[in-house]
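Here's the structure we're looking at; comments come further down.
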């Protein structure tokens, strides 16, 4: 049994990518701790182009298995971004705390 879904599901994923990039761009523009615009862009680019490739290849429908794989890739991508943000924040905290330590004479 082959389950397929309409190709507009991929359009929703593409729109989500663009909204995600916009939200992250404005967040880090106003809160300069964490990732740079380049970091966010390069983190999103592989998944975006993967979905775009699927979209250009899809005719009228897409396999549910393919969509599930794209979903799992998105989840892993979200975890990667979360861990990068946490790592950047902890590095920033560590740098700030090391700068406030006065050496003993």
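Each of 31, 77 was scored by other Cβ atoms within 10 Å of its Cβ. Arranged with the fewest first, they read 31, 77.
Each helix, a run of at least 4 DSSP H residues, gives -39500 (n - 2.57); summed and divided by the residues of the chain, these come to -27000 deg cm²/dmol at 222 nm.
With a Förster radius of 25 Å applied to the C-beta separation of residue 80 and residue 19, the computed FRET efficiency comes to 0.85. Rg ratio for the chain: its Cα radius of gyration over 2.2 N^0.38 Å, N being its residue count, equals 1.48.
Taken together, the values in this text are just the output of simple stated rules run on the coordinates, not laboratory data. A quick note: this is a predicted structure, and the numbers were derived from the prediction, not measured. For neighbour counting, all protein chains shown are included, and Cβ atoms are generated from backbone atoms with ideal geometry for every residue, glycine included.
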